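Q: Pasting a structure below so you can have a look.
The values are calculated or read from the model by the stated rules, or taken from the named source; none is laboratory data. Quantities reported herein were computed from a predicted structural model and do not represent experimental measurements. Here the Cβ is made from the backbone with ideal geometry for all residues, glycine too, and neighbour counts use every protein chain on show. To get the accessible areas, we keep the full protein, side chains included, count just its heavy atoms, and leave off ligands, DNA and RNA. Shrake-Rupley method; radii C 1.70, N 1.55, O 1.52, S 1.80 Å.
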Amino acid sequence: MTFTSLLTVFLLLAPLATLAQGPAIFVGADLQLGVRLIVDNQCVACHQRKVGGDGSAIYQSSGRINSPGALRGMIEQCNMELNLALFPEEVTAISAVLNLEHYQFK
Ligand code: HEC
């Protein structure tokens with residue numbers, strides 16, 4: 001996904017975020033920061049190489065990522081494995097964006 005298409009998705013979802021803040025652990029997350037970090041860290045590019053399409057097929061809300069905590073835990077794990085050196089609030093920001101766009105945990 002290009003930055004523009006990610007941004008479009010984000011802008012479409014932003015009003016939803018204000019209506020329903022979603023899971024407590026993502027309340028107050030910096031969604032713009034999350035979108036930027038997803039672009040900057042090549043998350044989508046690598047997922048596209050694995051699953052094709054826009055890469056979103058890698059996100060399986062009915063798989064082992066089955067709760068907001070599991071989602072955030074997965075991002076934290078990637079953070080360490082890929083040596084991204086993300087701060088905790090950055091991990092939360094990325095998780096909140098992926099939740100809005102794909103997992104939609106309440
Ligand atoms: C070098 C390649 C690569 C990069 C870079 C990468 N990922 Fe992944 N990611 C994968 C692969 C491969 C899987 C599937 C792992 C598996 O199924 O065990 C995965 C799985 C995931 C999952 C779990 C999907 C699910 O529902 O089971 C999430 C969430 C995720 N990545 C987020 C990210 C984020 C956020 C970033 C950027 C900060 C990122 N990934 C960067 C390769 C990558």
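Q: Would you work out which of PRO88, LEU31, CYS43 lies farthest towards the positive end of the dipole of the chain, given +1 charges on the beta-carbon of Lys and Arg and -1 on that of Asp and Glu, about the Cα centre?
A: CYS43
Q: Just how far, in whole angstrom, is region 46-74 from region 91-106 if you go by their alpha carbon centroids?
A: 11
Q: Multiply the residue gap between GLN42 and ASN83 by 0.36 nm, knock off their C-alpha separation, and tell me the result in nm, one decimal place.
A: Gain on extension, GLN42 to ASN83, equals 13.5 nm.
Q: What full-extension length gain, to one decimal in nm, is calculated for VAL51 and ARG64 as 0.36 nm per residue of separation minus the Cα-Cα distance?
A: 3.0 nm
Q: Calculate what fraction, in whole %, of the accessible area of region 3-103 sits on carbon and sulfur atoms when a 1.4 Å probe is rolled over the protein chains.
A: 58
Q: Moving on. Can you compute the FRET efficiency between GLU76 and THR4 using 1/(1 + (r/R0)^6), with r the Cβ-Cβ distance and R0 = 35 Å? Round to the nearest 0.05.
A: The formula returns an efficiency of 0.80 here.
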